[in-house]
Amino acid sequence: MKEVTENDLIYLDNNATTKIAPEVFEEMVPYLTEYWANPSSSYRFAHHAREAVETAREKVAALIGAQPKEIFFTSCGTESNNAAIASALRVTGRKKVVTTAVEHSAILNHAEQLAKEGFRTVFLPVDSEGRLSIADLEKAVDEETAICSVMWANNETGVLFPIEEIAGICKLKGVLFHTDAVQAGGKIRVNLADSKIDFLSLSGHKLHCPKGVGALFIRRRAKFSPYLVGGHQERGKRGGTENVASIAGFGKAAELAASRLKEENTRVRKLRDELEAFILAEIPDCFRNGCEDQRLPNTSSIAFAGIDSESILMMLDQNHICCSSGSACTTGSLAPSHVLRAMHVPLSRSKGSLRFSFSVYNTEEDVKKMKAVLPGVIEKLRAQSPASAR
Ligand code: PLP
């Protein structure tokens, strides 16, 4: 079988992970080859490594309008999410967590585990468009709640939640608020300067940086109990020798993302809209999952009624097209996505749903190829199972 290279690909799975930007790679190399010291060491050779971590901290902070002192590097978005919730439970001594039914498994499975351990967990429902009811949230968040955690943008549908409004409600009720902004960071403007958000999670590999580095924003003066207990790294809030090269890359990626925010919301949005409009107009029995307006600019989730998403993915793969049926973390599971189930998307649609997620590296050519390939793939699969319920 001929090996597939990057040049053959139409990569529309940027919510799963992203291509490493050449600028990010370049930024990392010196910390793997030349300046490989432990940043905590006291000799002068370690100075470069220490400086790289602090420069990256400034750049990540700038992307989200935070202060450098409020950024703590972690190993990934999952760790940041786990750390925020675990800390709130410990610091407040309260036993209740409020979150949503459509969170990424990095929140959902942690909350489910806490429920088994005896904590009270509330998973707020969403409507058919993927939106939360603020009235439900106001009812659920009370004086027993240690933390409320609501994702900024859903990784499957791209639906955005009114995070500042929710953070304000939590503040009024004296409850800590965390947002999983792993999909929102670098795609929409985030400004934490005057925000009521206490904790926010980011992940490098969604921003054209390698996998295995993340950040947790901890609001200045917020009480925090470390999740990884060890050395005094990250001012005692996260033990473990820093992944200097990846952190340096993350800083560069954050800087690039900030400079490309406009492009993400204009050219990238236009590519997404063009593909989505084409599919909905030209392929019968297709439906958008999630509301149209309050959405990330790069994400489109479409239900192809009556067919199985795994079959579509296989045929697209034969055409070197990469997209997904939902979160990469649940790929392989044949159960319909928990997000679409929470939205009460009928089974005949949720089973055949695909997520297309763009980045600044996508081009008009990619959309052209999708338009040429996708209708034929869907037609062929439907012809193979004509009796399938639509
Ligand atoms: N949160 C969301 C919304 C995500 O989409 C992901 C990854 O897909 C994560 C958390 C987990 O991030 P990481 O892969 O860095 O652990």
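Coordinate-derived values only; no laboratory data. Owing to the predicted nature of the structure, the values given are computational and were not obtained by experimental measurement. Here the Cβ is made from the backbone with ideal geometry for all residues, glycine too, and neighbour counts use every protein chain on show.
Summary table below
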| item | result |
| --- | --- |
| Members of Lys69/Lys173; Lys270/Lys380; Lys206/Lys262 lying beyond 23 Å, as alpha-carbon distances in this model show | Lys69/Lys173; Lys270/Lys380 |
| Mean Cα-pair separation over length for the range 222-270, i.e. relative contact order, pairs under 8 Å, 6 or more apart, % | 19 |
| When the convex hull of its Cα atoms is projected in every direction, mean area for the chain (nm²) | 19.9 |
| Asp142-Asp8 pseudo-label distance in nm [points 7 Å out on the Cα-to-Cβ vector] | 5.9 |
| Contact order relative to length of the chain, as percent, for alpha carbon pairs under 8 angstrom and 6 or more apart | 23 |
| Computed [θ] at 222 nm, helices only, for the chain once each DSSP H run of length n ≥ 4 contributes -39500 (n - 2.57) | -12000 deg cm²/dmol |
| Ordering of 247-256, 76-85 by packing [mean C-beta count within 10 Å, highest first] | 247-256, 76-85 |
| Whole-Hz couplings from phi, Karplus 6.51/-1.76/1.60, listed for the range 343-358; x for Gly and Pro | 8, 6, 6, x, 4, 5, 9, 5, 5, x, 9, 10, 10, 10, 10, 9 |
| Fraction of alpha-carbon pairs over 20 Å apart in the range 1-109 - percent | 64 |
| Amide H within-cut-off set for Ser325, under 5 Å, with H built and near neighbours excluded | Arg355 |
| Ordering of 352-365, 194-207 by packing [mean C-beta count within 10 Å, highest first] | 194-207, 352-365 |
